[in-house]
Amino acid sequence: MDPGQMAPRKVSLQDIMRPAVGVTPDTPARAVLKVLSENRMPGVPVVDANKHLVGFVSDGHLLASALPKYLATIEDLSFIKESGDAWVHYLAESADRPVSEVMSSEVSSVELGKSEVTVAHKMVHDGASSVVVTENGKLVGIVNRLDLYAAVMGIEIE
């Protein structure tokens, strides 16, 4: 084993989850992007006024909402002008939309007290980069793939 590596270890969900920063459905996409950047997370839970989980919004949702829908069906973009004020205006306009318009109501979540194996299974099964941790339906934390894998492998992430 390399001197910088630690042996794999058993960890609990409480050890690896981060405190979750939730946003509300009416939060503008621009503000959500700031939350994602500041917390270095690929997505964030969407909660109601009582902190109950109602959705999830990721950087992918935000990017997809910033582009015209028809771009998702086109394979060759060579005929589209790649620069210009029209694109900048369209992208900027999307940043002011509430996340309720782009979030997913399907959320990968587990109840507090589940094992890291359950979280890993949920990530792989659902194709999710993060799993939200709830207690009685209320948001308490979030685990992302990198944090989970690093914790199990005994690698410190700052």
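Since every read-out is calculated from the coordinates, none of them should be taken as a lab result. Since the model is a prediction, treat every value here as computed from it, not as a measurement. Note that we place each Cβ from the backbone using ideal geometry, even for glycine, and neighbour counts take in every protein chain shown.
How many nm is it between the label spots at GLU111 and ALA49, if each spot is 7 Å from the Cα in line with the beta carbon?
So the two model labels end up 2.7 nm from each other.
Once label points are set 7 Å from the Cα along Cα→Cβ at both SER104 and GLU75, what is their separation, rounded to one decimal in nm?
Each label point lies 7 Å from its Cα, and together they span 2.6 nm.
State the number of lysine pairs found in segment 13-153 whose Cα atoms come within less than 17 Å, restricting to pairs 8 or more positions apart or on distinct chains. Don't skip to the end; give the middle numbers.
On the way: LYS51/LYS138; LYS69/LYS81; LYS114/LYS122; LYS114/LYS138.
Qualifying lysine pairs in segment 13-153: 4.
So what J values fall out for segment 139-156 if you push phi through Karplus, 6.51 cos²θ - 1.76 cosθ + 1.60 with θ = phi - 60°, rounded to Hz, Gly and Pro as x?
Values, residue by residue: 5, 10, x, 8, 10, 10, 4, 4, 4, 5, 5, 5, 5, 5, 7, x, 9, 7 Hz.
By the gyration tensor of its Cα atoms, with a ≥ b ≥ c the square roots of the eigenvalues, what is the shape of segment 13-153: rounded for a/c under 1.5, prolate for a/b over b/c, or oblate?
Values: a/c = 2.50, a/b = 1.79, b/c = 1.40.
The shape class here is prolate.
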